[in-house]
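Take a look at the structure below.
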Amino acid sequence: MSPAHVTPVASGPVGRPLRIALLGESLVDESALEILVEGVLGAPFARVQPNLRARGWPSVLQILPAIARHLHFNTDADGLVVLVDADDSEPHTATHEAPGYFHPRCRLCQLRAAFRRATRRLPAARGRSRVLRAVGLAVPAAEAWYLCGLDERVGEEAWLAGRAAGRSPYTRRELKLRVYGTERPTLPQAVAQATAAALRHARDLRRLENDFPGFAALAADLRGWAAGAGERDAMLSEE
Ligand SMILES: [Zn+2]
């Protein structure tokens, strides 16, 4: 799956496919994330298994440092991609992107900071100075991404407006019901719906990027990998 309008950017040292570890809140999220990451990179990548598995927030935040260190020292991973749901926490906005800014109640900012703390003093290992990272935030949950383009009411802007007005435009329960047809899908049901939605977006990511800045941030990180691959050492010395 390499959409024609996507320029392939994904290759590691000596042109081999990138090796990437995925960390999400569930197997369902990770199965969709794999497809979306490939869609952004425009080329297949090899999955690297993390040493730990998270189930929900805050376990992702808690195990992130150990996973980052494990990938750095014990694997040939080029990068780690993390995706969490915002639930009722602060959505990541453009103001959070200011240099040195950090929002303590934004999970995307928290994950970036945790990764940075865990990795900034690590010595080079396995022929590279560091493992790259990409972080996404699904607002309020990954099911909103799966409905993007199908339900005009669903998007981060609507969610933010609802928060400001003190009334959510929809609940996470309603999103699940719309995506899966039930609040309690079986694992195969959930994976089937999530991956179908991810494949739909991977063919053309523009709508998802436009309506969900928490996905756009993830995509920007991934596209930055191509630019950063040859400049990693330079970037490191700037920090
Ligand atoms: Zn943020």
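How do the peptides 201-208, 72-79, 50-57 rank, highest first, by the average count of neighbouring beta carbon atoms within 10 Å per residue?
Final packing ranking: 72-79, 201-208, 50-57.
If you average the C-alpha positions of segment 73-112 and of segment 192-213 separately, how far apart do those two centres end up, in angstrom?
Measuring centre to centre over Cα atoms gives 20 Å.
Skipping prolines and chain starts, which residues have an amide H placed within reach, meaning under 5 Å, of the one on Ala138, given they are 5 or more residues away or on another chain?
Amide H to amide H, under 5 Å and 5 or more residues apart or across chains, Ala138 pairs with Val84, Asp85, Ala86.
Project the alpha carbons of the chain onto their principal axes and report the range along each, largest first, in whole Å.
In descending order, the Cα extents are 48, 37, 32 Å.
For segment 38-53, take each phi angle, set θ = phi - 60°, evaluate the Karplus expression 6.51 cos²θ - 1.76 cosθ + 1.60, and give the result in whole Hz per residue in order, putting x for glycine and proline.
Running phi through 6.51 cos²θ - 1.76 cosθ + 1.60 with θ = phi - 60° gives 4, x, 5, 6, x, 7, x, 10, 9, 7, 10, 7, x, 7, 10, 10 Hz.
Each residue of segment 113-130 in order: what ³J(HN,Hα) in whole Hz does its phi give by Karplus 6.51 cos²θ - 1.76 cosθ + 1.60, θ = phi - 60°, with x for Gly and Pro?
With the stated coefficients, segment 113-130 comes to 5, 5, 5, 4, 4, 6, 10, 5, 9, 6, x, 4, 8, 6, x, 9, 7, 6 Hz.
How large is the dipole of the chain about the Cα centre if only Lys and Arg carry +1 and Asp and Glu carry -1, each at its Cβ, rounded to the nearest 20 debye?
Charge dipole, the chain, about its Cα centre: 640 debye, nearest 20.
In segment 32-130, what is the volume of the convex hull around the alpha carbon atoms, normalised per residue and reported in Å³?
Each residue corresponds to 128 Å³ of Cα convex hull volume.
Which translational diffusion coefficient, to the nearest whole µm²/s, is obtained for segment 156-214 from the Stokes-Einstein equation, given a Kirkwood hydrodynamic radius over C-alpha pairs, 4 °C and 1.567 mPa s?
99
Amide H neighbours of Leu132 under 5 Å, counting only residues 5+ apart in sequence or on other chains, H built in-plane at 1.01 Å?
It is Gly79, Leu80, by chain and number.
Any read-out appearing in this document is the output of simple, stated calculations on the displayed coordinates, not a laboratory observation. The structure displayed is predicted, hence computed values, not measured ones. For neighbour counting, all protein chains shown are included, and Cβ atoms are generated from backbone atoms with ideal geometry for every residue, glycine included.
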